[in-house]
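Read the figures in this text as sums done on the coordinates, not as results from a lab. None of these values were measured; they are calculated from a predicted model. Positions of Cβ are backbone-derived with ideal geometry, glycine not excepted, and every protein chain shown enters the neighbour counts.
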Amino acid sequence: MQKRENGLFQGALTRSVIGAFFDVHRDLGFGFREYVCALALERELKARGHRVDREVAVVVYYRGEPLALQMLDMIVDAKVVVEMKATDSLHPGAKGQLFSYLCTTNLEVGLLLHFGRQPKFYRVICENRFKRRLVTASAPGPPLP
């Protein structure tokens, strides 16, 4: 189980990521592609002393067999999955997408950062004790057929 701070999993880390998100949104504004927002967020997080891994591949399994690679937008300090969206409105399935990503890794905390007209964030939790199988988020796993 990951560290709880003030009742939140990875509280200090997620506060730092959320603060960086708001700083980037304030400076860039709305309308840039997700790629540009991700580059700016990565730069801001590194300036705050965080380790940032981008486009991390994880293996999705089906009935114990490797099925496909799934790319995660970002993992911060090897503890928090960050999923970014840069759209006018957030798709209703976006939080579920992040939850699925957490289910595929041994990480328990995710942040959905919406670079919309108004910045919004969502914290998503998937505790390891409820997961069927754990895999390492930073390793792509076995080759796929």
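Excluding same-chain neighbours fewer than eight residues apart, the lysines reachable from Lys120 by a Cα-Cα span under 23 Å are Lys46, Lys79, Lys85, Lys95. Placing +1 on each Lys and Arg Cβ and -1 on each Asp and Glu Cβ, with no other charges, gives the chain a dipole about its Cα centre of roughly 360 debye. The trypsin sites (Lys or Arg not before Pro) of the stretch 69-101 include none that meets both criteria, a DSSP state outside H, G, I, E and B (loop) and at most 14 other C-beta atoms within 10 angstrom of the site's C-beta.
Between amide H atoms placed 1.01 Å from N, distances below 5 Å from Ala86 occur with Glu34, Phe115, all of them 5 or more places distant or on a separate chain.
A dipole drawn for the chain from +1 and -1 charges on Cβ atoms has a positive end, and of Gly19, Gly116, Asn106 the residue lying farthest that way is Asn106.
Histogrammed with a bin width of 10 Å, the alpha carbon distances of the stretch 9-130 distribute as 13, 46, 32, 7, 1 percent, first bin at zero. Legend: calculated FRET efficiency, Ala57 to Lys120, from the Cβ-Cβ distance at R0 = 35 Å, rounded to 0.05, equals 0.80. Straight-line reach from Lys131: taking Cα to Cα under 15 Å and skipping same-chain neighbours fewer than 8 places apart, the aspartates and glutamates in range are Glu108.
Who wins for biggest fluctuation among Arg54, Arg63, Arg26 in a Gaussian network model of the chain, springs between alpha carbons below 10 Å? Looking only at Arg54, Arg63, Arg26, the largest GNM fluctuation is found for Arg63.
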